[in-house]
Amino acid sequence: MAFDLGEMMEQLKSSMNGGGSKSRGAGANGKSVVYDTAIVGYGPAGGVMATLLAEKHGLKVCIIDPNLEKRWIPNYGVWVEEWESLDRDLQIGLGDCLDRKWEVTDSFFGGSHGTPADERCRIDRPYARVSRDKMQANLKSRLSAAGVTKIAGKVDAKTMEHSAEGTSVCLEDGQKIDCRLLVDCSGHYSELVERVGDHNPGVQIAYGAEVEVKDGHAPYDENAMLFMDYRTDYVDKATLSPEDAQGLDDIPTFLYAMPMGAAPNGQRRIFFEETSLVARPPIEFDLCKERLYRRLEHHGIEVTKVMDEELCYIPMGGAMPSLTQRVVAFGGASGLVHAATGYMHVRMLAAAGPVSRAIAAELKKGGPGTSEAAARRAYQALWPSKAKLQRDFHVFGGEFLMAQKAPMLRGFFNGFFKLPLPLWAGFLSGYPNLPHNELHQDWQSRFKFGFQFFLKLAPAVQFQLALAGALSGWKYGLIRAVTPLAESEDAKDLLFDAEVEGIRAAAAVAAEADSAKAIAAGKGGPVAASDGSERKTKERELVA
């Protein structure tokens, strides 16, 4: 009998690594290829998830994207404390992926509520910029070493089908990919992920430019990262039309800046970004760009060269993915963006470890119901009740911030950063496994945080916040997040193991029924072996 020794050895290797399920994607010889997990989307989220599943857990993984070699666009800023914590947890080389660090960050919230316009809020907490190129190159190398298959193509969402064994999708060119579990990392507007309720997020918009400047960027400190400058005194309102003057307050934006040191020609290199924190509908990129250059002109900062431009569009809040669906949403598709700040990169990384471990553990068990159980375990790891309740708290915060004018936002953040660092840092991280998040993970802690924060605010801001809580606190989940009502949500997690075992038990009964029908129909036995028994049968055949 003819046989392909290379293919057989590959199947044995995959089986021993816990990956031995069948897939009908085309291999190099036109033969079937085995994929435990197919990941749609090769951005940071897809790259990290594929790396963890293949490198750390030995699964057979493919990653699908129409632009596999495209350079990643966004610049990511991170708190060094959080990044180092994630580096220790994930062990995938994150520590080598930073561009530059600053020991302090500065913000300016003056010009309202009695705060002088030139008052600086300095935070002694190191901040850093992630090198998108280093991170992309690092993950590319790891994916190659772990044997991840890269497939250039776009998934046709209409072709997605689920079965007891897994999920199949077709690419637009007709190629079919079968897997035990489909993980969608295609971004905020995924066509594969089902959501619960109306999806109407606020949106963070920013125009950024990395530039060379003549004579530095005074009055800002060259050795500090500029976190927020919410002042509007960079424009003389007397020179504007009444409509434009009102727009400065009604459509608030802030400046964010990263001094990057000297360029080869001796001039200073700086990344500037003018940002609308969150708005519905989003503001125009052109308005952010216009305001950025107005600020620079006001401060006498002369741009001599624009090296790179960035348009940032981040949906915040909105509907959650259905946590009972078979497609596992991850990254932007999963609602992980912090609904009050727009941060997602570290939250994605904090979720990646638990989610990848949950997927691998369930897939390696094999047996009937594995695919559905793996999806449910992944969502439980992604959105345990404590994380969902924190998200409710953030959604209320995002809705409040969206409704405020510039003077109120200056007062809000001026009070926020007067809190003890662990309190505000825990809110900004807002997700399990990140530093200081333990101060926000139960309703009592969130209530205490809210009370202390309220006392730091100017009276006018206190009034607006109290009014918003009274009028929309129930609608946006605030009441549930900061009262004993949260305990009923927490209690649901205690039932989760029984739920997953129920999924597996029901699948086993269905498999037995199918087997009995096949025997009764004279087909001589079961129509399909379970993943686990199929793997053992292959191993016995190969050994023989």
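The values are calculated or read from the model by the stated rules, or taken from the named source; none is laboratory data. In this text, all values refer to a predicted model and were calculated from it rather than measured experimentally. Methodologically, a virtual Cβ is constructed for each residue, glycine included, from the backbone with ideal geometry; neighbour enumeration extends over all protein chains shown.
Candidates LEU68, LEU59, LEU143: the one that is assigned by TED's automatic domain parsing to the domain that holds GLY331, crowded, with 19+ Cβ neighbours inside 10 Å and in a loop (DSSP other than H, G, I, E, B) is LEU59.
Applying a threshold of 8 Å to beta carbon distances and a minimum spacing of six or more residues, or different chains, the list of pairs starting in segment 411-423 at a residue that is on the phi < 0 side of the Ramachandran plot and ending at one that is polar (S, T, N, Q) reads GLY411/SER112; GLY411/THR115; PHE412/GLN404; PHE413/SER107; ASN414/THR115; PHE417/SER107; LEU419/GLN452; LEU423/GLN452.
If we scan segment 389-402, do we find a residue that is surrounded by fewer than 22 Cβ atoms within 10 Å (Cβ to Cβ), not in a helix (DSSP H, G or I) and not assigned by TED's automatic domain parsing to the domain that holds ARG326? For segment 389-402, residues surrounded by fewer than 22 Cβ atoms within 10 Å (Cβ to Cβ), not in a helix (DSSP H, G or I) and not assigned by TED's automatic domain parsing to the domain that holds ARG326: absent.
Within segment 219-251, no residue satisfies the criterion of being within 34 Å of the chain's Cα centre (by Cα), more than 24 Å from GLY415 (Cα to Cα) and hydrophobic (A, V, I, L, M, F, W, C). Those helices (runs of 4 or more DSSP H) of segment 473-527 in which 3 or more residues are more than 30 Å from ALA387 (Cα to Cα) occupy 496-520.
The set of residues in segment 176-210 that are assigned to a strand (DSSP E or B), surrounded by 24 or more Cβ atoms within 10 Å (Cβ to Cβ) and not hydrophobic (A, V, I, L, M, F, W, C) comprises ASP184, GLY202, TYR207. For segment 281-294, indicate whether the set of residues that are closer than 20 Å to ARG410 by Cα, more than 31 Å from the chain's Cα centre (by Cα) and assigned by TED's automatic domain parsing to the domain that holds GLY208 is non-empty. The answer is yes; a qualifying residue exists. If ALA137 meets every condition in (1) within 22 Å of the chain's Cα centre (by Cα); (2) hydrophobic (A, V, I, L, M, F, W, C); (3) buried (at least 19 other Cβ atoms within 10 Å of the Cβ) apart from one, which number is that one? ALA137 satisfies every listed condition except (3).
Outside any strand (DSSP E or B), outside the structural domain of TYR42 (by TED's automatic domain parsing) and at pLDDT 95 or above: is that true of ARG125 in this structure? Walk me through it before giving the result.
Values: outside any strand (DSSP E or B): yes; outside the structural domain of TYR42 (by TED's automatic domain parsing): yes; at pLDDT 95 or above: yes.
So ARG125 passes the test.
Listed conditions (1) at pLDDT 95 or above; (2) under 27 Å from TYR42 (Cα atoms); (3) in a loop (DSSP other than H, G, I, E, B) are all met by GLU273, apart from (3). Residues of segment 303-355 that are surrounded by 24 or more Cβ atoms within 10 Å (Cβ to Cβ), on the phi > 0 side of the Ramachandran plot and assigned to a loop (DSSP other than H, G, I, E, B): GLY317, GLY335.
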